[in-house]
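Some notes on the structure that comes next.
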Amino acid sequence: MRTSIATVSLAGSLSEKLRAAAAAGFDAVEVFEPDLLASPLRPAEVRALAGDLGLAVALFQPFRDPDDVDPAAAARSRERLRHKAALTRELGCDLILVCSSVHAGAVHDDDELAAQLTALADVAAGEGVRLAYEALAWGAHVADYRHGARVVALAGHPALGTCVDSFHVLSRGDDPDDIAGLDKLFFCQVADAPLLGMDVLPWSRHHRLFPGQGGFDLARFQRAVTASGYGGPVSLEVFNDLYRQSDPGRAAVDAARSLRHLADLTAPGTLPAAPSPSGWAFVEVAASAEGAPAVAALLGSLGLARTGAHRRGDVDLWTGGDVRVVVNHRASAERARLSSLGLRSDAPQVLAARARELLAPLVHRPVGPGEAEIPSLVAPDGTWVQFCGDDPDWRGDFLPTGEAATARSFTGIDHVALPQPFAGFDSAGLFLTTVLGMSPGELAEVAAPDGLVRSRAYTSTAGIRIALNVGPTSATLRGRPLASGHVALATTDVLAVVAAFVAAGGEPLPVPVNYHDDLQARFGLDKRFLDALRRHHVLYDRDPDGGEFLHFFTRAVSREFFVEVVERRGGYRGYGAANTPVRLAAQREHPAPGDGSGGGSAQGSRTIRP
Ligand SMILES: O=C(O)c1ccc(O)c(O)c1
Ligand SMILES: [Mg+2]
């Protein structure tokens with residue numbers, strides 16, 4: 001598959017966009033006219049720069065409102081096209097995208113429309129250029145690709161063909177399979193989008209995503225394109241408000257990653273087939289010299305023990321039941337944060353090879369004598385992902401301390417939650433679905449005191465769960481903390497764990513009394529059970545199938561690290577999202593030490609005016 005990207009998909013100047021596309025390995029670009037008009041580069045210079053970067057200019061776009069019921073206006077359209085065709089040649093390109101008309105003067109008769117497009121194709125052919133006619137989903141007369149293709153067939157001009165764009169096809173709910181039967185497919189654009197119930201034009205102009213980030217079945221679309229015999233580039237055209245303001249280099253990597261993954265979905269075997277990770281090996285917390293004692297105290301009061309010390313010092317292994325937490329004291333900046341996810345894998349090197357093909361940066365740690373070589377990647381948010389095989393065992397890097405864990409009660413890591421920068425949510429999701437082969441869950445939106453927090457959990461077949469959270473922009477603007485990162489430990493008896501935790505000097509995050517009153521009203525819980533939950537600050541949820549979720553949170557060590565302990569009963573599959581607003585409000589009342597953004601105490605001391 002030859003890959004291309006429309007310059008409108010990336011931020012920056014035209015030359016920055018071209019450099020980013022080339023660095024991410026694209027074969028070609030679509031030049032979006034406004035990018036050229038705003039550029040100091042003349043078309044021939046754009047051609048030269050693209051050539052130097054190894055990029056073809058596959059298409060120039062868009063040519064809008066080509067037809068007109070007014071003959072004088074139709075003649076002006078042909079004249080306008082003559083200029084743009086000459087410019088397209090200067091760009092080193094021979095294809096112009098022509099959008100179906102949206103203006104009041106649009107022709108509504110197919111024969112007349114075909115006649116006007118034929119006249120335009122004659123003009124284009126005279127300049128050595130071809131036209132790819134695209135049905136915009138909000139076109140005045142032509143909005144469906146099959147209608148567009150019929151008009152192209154009516155015109156019967158060799159320089160006139162069809163452009164399909166997955167957004168316009170799938171946003172309307174049209175069947176993409178008929179693309180397989182198109183005989184003059186000149187160009188193919190792909191974009192995904194979240195399934196939003198909104199008007200198609202603003203949906204298209206603001207919310208498009210790279211394939212795999214939204215809800216469209218792009219593999220089916222792409223299989224139909226392949227079946228048509230189309231051999232041109234597959235080009236990403238992603239109008240997206242956040243990517244438009246993101247670093248173009250990183251956005252281009254997401255773009256290329258999404259296309260490589262789509263190619264593999266369409267033709268399996270394009271990427272190395274890697275078995276997905278089989279479970280958690282460890283989670284790693286990076287702590288500063290100041291934060292490390294607080295992390296150690298927290299893990300200790302949960303009943304974990306420091307059972308291993310790294311051969312090179314400064315790194316401890318804490319274990320308890322089937323949970324392993326590595327605490328790395330080498331970190332400088334933060335008090336504590338989740339820094340690395342250790343995933344068990346039967347084929348770490350195959351996973352690493354696949355990750356490399358998906359442009360995930362591999363990091364090489366220095367490996368000392370007796371230490372395991374663990375292939376490691378960096379996720380978009382900077383978290384490391386390490387693939388741990390059985391042989392050699394990563395645990396060999398740690399020398400036994402002789403200490404033994406007191407708690408056997410943890411059955412494993414239930415999930416981790418990673419806070420994301422506002423513009424990084426979709427990027428991190430794409431990493432988890434493509435590189436780690438995880439499946440996205442529903443988007444949850446919860447109201448926090450300072451705005452909305454969006455959260456999406458990703459799961460793997462082996463039961464690995466990773467939740468991504470993104471905090472409200474308003475919180476960012478006000479300098480308040482975003483949703484914090486944490487690890488959730490699984491147990492079969494959360495009430496016993498919390499009691500032991502408190503007895504060992506641990507502090508659960510206090511939950512307001514109102515919360516448990518409401519639980520009683522909603523679920524009609526047994527009074528003694530409810531009292532136990534209330535006494536220990538344990539939260540509760542129940543799903544429609546009767547599955548139950550009991551969980552508590554520890555006080556936060558830092559803005560980016562606390563521990564949750566969860567008990568799932570009866571196949572509960574969620575994360576207690578209904579309780580998240582209460583947790584976020586409680587964390588605001590009881591901020592982590594050193595969290596300078598101020599919390600509830602300042603609020604509480606403020607005079608309340610009527
Ligand atoms: O939103 C638009 O106007 C527009 C322009 C060109 C395209 O290819 C497209 O899909 C949409
Ligand atoms: Mg398009």
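General remarks:
- Peptides 261-271, 334-344, 363-373, 153-163 ranked from most to least packed give 334-344, 153-163, 261-271, 363-373, packing being the mean of other C-beta atoms within 10 angstrom over each peptide's residues.
- Proximal lysines to LYS17, defined as alpha-carbon separation beneath 17 angstrom and excluding residues fewer than eight positions away on the same chain: none
- With an a/c value of 1.5 or above and a/b not larger than b/c for the gyration tensor axes a ≥ b ≥ c computed over the alpha-carbon atoms, segment 3-266 is described as oblate.
- Under-5 Å amide H pairs with CYS388, H placed in peptide plane, nonlocal only: LEU343, ARG344, SER345
- Antiparallel bridge percentage (DSSP; both residues within the chain; nearest 5): 55 percent
- Reach of LYS527 by Cα under 17 Å, taken over aspartates and glutamates that are not fewer than 8 positions away in the same chain: ASP517, ASP518, ASP541, GLU548
- In order along segment 437-447, the phi-based Karplus estimate (6.51 cos²θ - 1.76 cosθ + 1.60, θ = phi - 60°) of 3J(HN,Hα) comes to x, 8, 10, x, x, 5, 6, 10, 10, 10, 8 Hz; Gly and Pro are listed as x.
- Rg/Rh for segment 93-156 stands at 0.95; both radii use Cα atoms, and Rh follows the Kirkwood definition.
- Contact order relative to length of the chain, as percent, for alpha carbon pairs under 8 angstrom and 6 or more apart: 9 percent
- Net charge of Cβ neighbours under 12 Å - reference GLU134; Lys, Arg +1; Asp, Glu -1: -3
- In the context of the full set of protein chains, the chain has a per residue accessible area of 40 Å² (1.4 Å probe).
- Net charge over other residues, Cβ less than 9 angstrom from the Cβ of LEU468 (K, R count +1; D, E count -1): +1
- Carbon + sulfur, % of accessible area of the chain - ligands and nucleic acids excluded, 1.4 Å: 52 percent
- Computed FRET value (nearest 0.05) for ASP247 with GLU548, which takes r as the C-beta separation and R₀ as 41 Å: 0.40
- Descending by average beta-carbon neighbour count within 10 Å, the peptides 319-328, 352-361, 505-514 line up as 319-328, 352-361, 505-514, the highest first.
- Calculated diffusion of segment 1-77, Stokes-Einstein form, Kirkwood radius summed over Cα pairs, 4 °C and 1.567 mPa s, µm²/s: 97 µm²/s
- Principal semi-axes in Å for segment 425-589 [√(5λ), Cα gyration tensor, largest first]: 26, 20, 16
- Distance between the C-alpha centres of segment 334-368 and segment 178-247: 31 Å, rounded to the whole angstrom.
- Calculated SAXS-style log₁₀ I(q)/I(0) at q = 0.14, 0.21 Å⁻¹ - segment 279-400, Debye, Cα scatterers: -0.59, -1.29
- Share of pairwise Cα separations in the chain, more than 36 Å, in percent: 46 percent
- Karplus-derived 3J(HN,Hα), 6.51/-1.76/1.60, for each residue of segment 25-35, Hz, glycine and proline x: x, 5, 8, 8, 9, 9, 8, 8, 3, x, 5
The values are calculated or read from the model by the stated rules, or taken from the named source; none is laboratory data. Since the model is a prediction, treat every value here as computed from it, not as a measurement. In this analysis, Cβ positions are derived from the backbone assuming ideal geometry, glycine residues included, and neighbour counts consider all displayed protein chains. In case anyone asks, the SASA skips ligands and DNA or RNA and just uses the protein heavy atoms, side chains included. Shrake-Rupley method; radii C 1.70, N 1.55, O 1.52, S 1.80 Å.
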